[in-house]
1. Using alpha-carbon pairs under 8 Å, 6+ residues apart, how would you state the relative contact order of the range 72-214 in percent?
2. For the range 133-229, report the translational diffusion coefficient in µm²/s to the nearest whole number, using Stokes-Einstein at 25 °C, 0.890 mPa s, and a Kirkwood Rh over Cα pairs.
3. For the range 163-202, take N as its residue count and report Rg(C-alpha) divided by 2.2 N^0.38 Å.
4. Relative contact order (percent) for the chain, with alpha-carbon contacts under 8 angstrom and 6 or more residues of separation?
5. Would the range 1-43 count as rounded, prolate or oblate if I go by the C-alpha gyration tensor, calling it rounded below 1.5 in a/c and otherwise prolate when a/b exceeds b/c, oblate otherwise?
6. Defining a contact as two alpha carbons under 8 Å apart and six or more residues distant in sequence, what relative contact order in percent does the range 199-321 show?
7. Just the number: Rg to Rh for the range 205-318, Cα atoms, Kirkwood Rh, two decimals.
8. Which residue, 45, 288, 233, has the largest displacement toward the positive end of the dipole of the chain when charges sit on each Cβ (Lys, Arg +1; Asp, Glu -1)?
Amino acid sequence: MKTDEDFYALLDEIYASGEAGAVEGFLTEMAGKTARENGGVNAEHMLCMSELGCYYRGVSRYEESLRAFRKAEELIAALFGEDSANYASNLTNMAGTYRMMGDTDRALEMFLHSIRIYDALPERNGYLYAGALNNIALLFRNIGENEKAVEYLAKTIDILEGLAERREELATACANLAALRAEDGETDDAASLLDRAIGLFRSLPHESAHFAAALNSRAALLAAAGENEEAMAHLRDAADRTKALFGENADYGACCRNMARLAARMRDCDAAARSMRAAAGVFRNIFGAEHELTRDALREADEFARAAADARGGAGEGRSEG
């Protein structure tokens, strides 16, 4: 690769293509090539491993994500040192994977370590620092410390407001704060923040991995307000965007589950059963047949199928297989 800009420009194109396996294929090929240069200790190889870590996290392959980030950590320590912004950024990325795996203790430890590094730097990169603050806010939300989450998100948005080129990050932070405001019952404020986030995401020249989450959150508020058709449109958009970027990952399964429950509320139990079976299939492939998510989705799919059969005056369907 000629420059980092060339690498990311090509990577963005491949993500945008939506071709199954193209991103992983490109990154593993480039990782193989760069591993042969200077014994693999070079910035290009570090970039490849870091992006592989992000990609594997996005498709819910968490152990592979951690292995890639750990390799990136070794390279960053050798190339830039353990007190560098690059090292802090990789800690933030790895912590994000641990957070998604449910290991909040390890995630919090890494997030706080990254913040300490950023705070000690003579010149702090506002974008990277804001990313760390945003991610630690998500973790505080996960463990129920919403006041701290709001505090960190407010700092994040304040920094990003001054970075005109960081619309995607600002949109993500607004969406995250909206989720907290919704939990606090401030639905109007949450809706306003989400509408701003969605507008920012739509204005981007590329697809954002965080757009679908904002659409899901806005759909929940719309559904709560009785705007079911508009809510369903947001959910379908979220599902399509998620699948195009990452295939049938855990977030796609959650989209299918949300569509199923909304369809049931709209008294379309056939559609609800189909969507919930799709969710069960996704969860089974990722977490296994005996996982709680899989079993619950199968149970709900059966309930929707029976309701649909009852509405038609017929017998219930047999056990779902996902």
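1. It rounds to 15 percent for the range 72-214.
2. 183 µm²/s
3. Details: Rg = 10.0 Å, N = 40, 2.2 N^0.38 = 8.9 Å.
So the range 163-202 has a normalised radius of gyration of 1.12.
4. Once normalised by length, the contact order is 9 percent.
5. oblate
6. Numbers: 159 pairs, mean separation 20.1, N = 123.
In percent, rounded to a whole number, it is 16.
7. Details: Rg = 14.4 Å, Rh = 14.3 Å.
Taking Rh as the inverse mean 1/r over Cα pairs, Rg/Rh reads 1.00.
8. Highest projection toward the positive end goes to 288.
Every read-out reported here was derived from the displayed coordinates using simple, explicitly stated rules and does not represent laboratory data. All values derive from a computational prediction rather than experimental measurement. Note: ideal-geometry Cβ built from the backbone for every residue, glycine included; neighbour counts use all protein chains shown.
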